[in-house]
Amino acid sequence: MDIEPLILLVDSDEKSQNTLHSALESEGFRINTASKGKEALKFLRSNEVSFMIIDTSLKDMKGIELIWQIKGLDPDCPLIVTSRDTSGDAEIQAREAGILYYARKPYNVEHILSVIKYSLQ
């Protein structure tokens, strides 16, 4: 039996987190959620994650800071970044860090699912 990919979803916005969690779960993915960067890093250090979704606004650190720390631990893990930032600064920083996809909130959940499925093929 194949084990479904594990996705780490990091978002301090409970509504966004719940929406994505439900969509991912309905597609058969295993999901772990965190609302803080430190929680995510702790989980990542002891678990093999197939994919990550990170929001730029977290309770304890900036999302871009978390992205750089994650890339230091697992440089090949694909990342999607979500954000309400409309200035473009967060997107530029995230792309420089080597993310796979940047989604502005409100985002299209189906599109995010498509990016994940394509990436994990």
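The numbers here are math on the coordinates, done by the rules we state, and not lab data. Since we're looking at a predicted model, the values are computed, not measured. Virtual Cβ from ideal backbone geometry, glycine too; neighbours counted across all protein chains shown.
The loop-placed GluC sites (Glu not before Pro) in segment 21-121, going by DSSP, that have at most 14 neighbouring Cβ atoms within 10 Å of their Cβ come out as E27, E48.
Tally Lys/Arg at +1 and Asp/Glu at -1 over every other residue whose Cβ is under 14 Å from the Cβ of K36; what's the total?
-3
Hey, which of these cross-link pairs are over 22 Å Cα-Cα: K59/K117; K42/K117; K42/K105; K15/K62? Over 22 Å apart, Cα to Cα: K59/K117; K42/K117; K42/K105. In this rough spin-label picture, where each label sits 7 Å from Cα along the Cβ direction, the D74-T19 distance is 2.5 nm. Rg and Dmax of the chain, based on Cα coordinates, read 13.0, 45 Å.
Take every Cα pair under 8 Å whose residues are at least 6 apart in sequence, average their separation, divide by the length of segment 6-119, and the relative contact order is 24 percent.
Extending 7 Å from Cα along the Cβ direction at S12 and again at K62 yields two label points whose distance is 1.3 nm. On full extension, the segment bounded by R45 and E27 gains 3.9 nm, given 0.36 nm per residue less the C-alpha separation. Remark: segment 59-121 is approximated by an ellipsoid whose semi-axes, taken from the C-alpha gyration tensor as √(5λ), come to 18, 17, 10 Å, largest first.
Neighbours of G98, meaning other residues whose beta-carbon lies under 14 angstrom from its beta-carbon, give a summed charge of -2 when Lys and Arg score +1 and Asp and Glu score -1. The sum of -39500 (n - 2.57) across all DSSP H runs of n ≥ 4, divided by the residue count of the chain, sets its helix-only mean residue ellipticity at 222 nm to -13000 deg cm²/dmol. Of all segments of the chain bounded by trypsin sites (Lys or Arg not before Pro) found in a DSSP loop with no more than 16 other C-beta atoms within 10 Å, the longest spans 85-121.
With a cut-off of 14 Å between beta carbons, the residues surrounding S57 carry a summed charge of -2, where Lys and Arg count +1 and Asp and Glu -1. Evaluating 6.51 cos²θ - 1.76 cosθ + 1.60 at θ = phi - 60° for every residue in segment 33-43, the Karplus couplings come out as 10, 8, 10, 10, x, 5, 4, 4, 4, 4, 5 Hz, glycine and proline recorded as x.
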